[in-house]
Amino acid sequence: MHDLAEGVARFRRDVFPAKEGLFARLAGQHSPHTLFIGCSDARVVPELITGSEPGELFVVRTAGNLVPAHGTGPDGVAASVEYAVAVLGVRDVVVCGHSACGAMTALARGHDLSGTQAIAGWLRHADAARARAARTGVEALVRHNVLAQLANLATHPSVARALAERTLTLHGWVYDIPTGRVDTLAPTGHPTTSAS
C-alpha cells in the first residue's frame, strides 16, 4: 500500500500538473471513442498498450476478457457495454486477449477448479472457444476466445442495433506480453495484420 500512496503523490506532483488542462476538460465531458474489453491480468494495461490518454478508452476488464452473452438478469459487464455503446456512443469495441492468460491456461490444461466455484462458473463463458480449440493449446484457445467473446457481444441489443446501423465496429486483438506485438484477428481466428 505504501507504494500506491507514493504513486499517488508522484501523480499529484509530476503527472497531474502537466495534464491539468486535459483533466479540467474531462471533468465536464466523457466521450471515449472506444470500448476496450481486456483481461483483468495486471500485465495487460489498455492505455499503455494503445498509447491512449485519459478519457479516450472506456475500459472493462474481466478474467479471461470474457463477455457473457446477453441475458435477462443483472450483469455488470452488460451494463458497461450498454452504457458505452448506447449512452456514450463509442464507435469501436476491442476485445483483447493476451499471451499466457491464466484463465485460458486453466481451461486448456484442464486445471482442477473445484475449489474455486466462482472462477469455474465464470469460465463457462469460454465454452464455445474451448469447443473450437479442443486440444490445440493455450495460444489457440486465446485466439478462439477473442472470437467467441465478439460473438457474445453481438447478442447484446445495443451492440446489435449499432452494428445494424453501421455506427459500431468490433475488433479482435491478441497482445503478446514478451514482444509487445498486437495481432488483429480475422473471423477465422488467424492474425491478419499486426497493430505493433
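The values are calculated or read from the model by the stated rules, or taken from the named source; none is laboratory data. These figures come from a predicted structure and were not determined experimentally. Reconstructed Cβ throughout: ideal geometry from the backbone, glycine too, with neighbour counts over all protein chains shown. What goes into the accessible areas is simple: the full protein's heavy atoms, side chains included, and nothing from ligands, DNA or RNA. Shrake-Rupley method; radii C 1.70, N 1.55, O 1.52, S 1.80 Å.
Pull out the extension gain between Glu53 and Ala151, defined as 0.36 nm times the separation in residues minus the alpha carbon to alpha carbon distance; nm, one decimal. Working shown, then result.
Working: separation 98, 0.36 × 98 = 35.28 nm, distance 2.85 nm.
Full-extension gain reported as 32.4 nm.
Say a paramagnetic label sat at a point 7 Å from the Cα of Val87, along Cα to Cβ; which residues of the stretch 21-44 have their backbone N under 18 Å from it?
26-37
Starting from 0.36 nm per residue, how many nanometres of slack lie between Val45 and Arg13 once their C-alpha separation is accounted for? Intermediate results must be reported in sequence, preceding the final value.
Details: separation 32, 0.36 × 32 = 11.52 nm, distance 2.25 nm.
Gain on extension, Val45 to Arg13, equals 9.3 nm.
So what is the calculated 222 nm ellipticity per residue for the chain, using -39500 (n - 2.57) for each DSSP H run with n of 4 or more, over all residues, to the nearest 500 deg cm²/dmol? Can you show the working numbers first?
On the way: 9 runs with 71 residues, N = 196.
Mean residue ellipticity at 222 nm (helix-derived): -9500 deg cm²/dmol.
Before I look further, what does the stretch 1-142 give for accessible area per residue, probe 1.4 Å, in whole square angstrom?
On the way: 8030 Å² over 142 residues.
Ligands and nucleic acids excluded, the result is 57 Å² per residue.
Tell me the carbon and sulfur percent of the accessible area for the stretch 33-111, rounded to whole percent, probe radius 1.4 Å. Let's see the in-between values first.
On the way: 1790 of 3330 Å².
Ligands and nucleic acids excluded, carbon and sulfur reach 54 percent.
How are the Cα pair distances of the stretch 102-186 distributed, in percent, across 5 Å bins from 0?
3, 13, 20, 20, 18, 14, 9, 3, 1
Viscosity 0.692 mPa s, temperature 37 °C: give me the Stokes-Einstein translational D for the chain in µm²/s, with Rh taken as the Kirkwood radius over C-alpha pairs.
After rounding, the answer is 183 µm²/s.
Could you rank the peptides 112-125, 35-48 by their average count of other C-beta atoms within 10 Å per residue, with the highest value first?
The peptides rank, most packed first, as 35-48, 112-125.
Top mean-square fluctuation among Ala86, Ala100, Ala27, Gaussian network model of the chain, C-alpha springs under 10 Å?
Ala27
Filter the chain for me: DSSP H helices, axial length by Cα at least 20 angstrom, mean Kyte-Doolittle hydropathy not below 0.0. List them by residue number.
Numbers: long enough: 138-153 (22 Å, 0.72).
Going by DSSP H runs, the hits are 138-153.
Given the chain, what percent of its DSSP beta bridges are antiparallel, to the nearest 5?
Roughly 20 percent of the DSSP beta bridges within the chain come out antiparallel.
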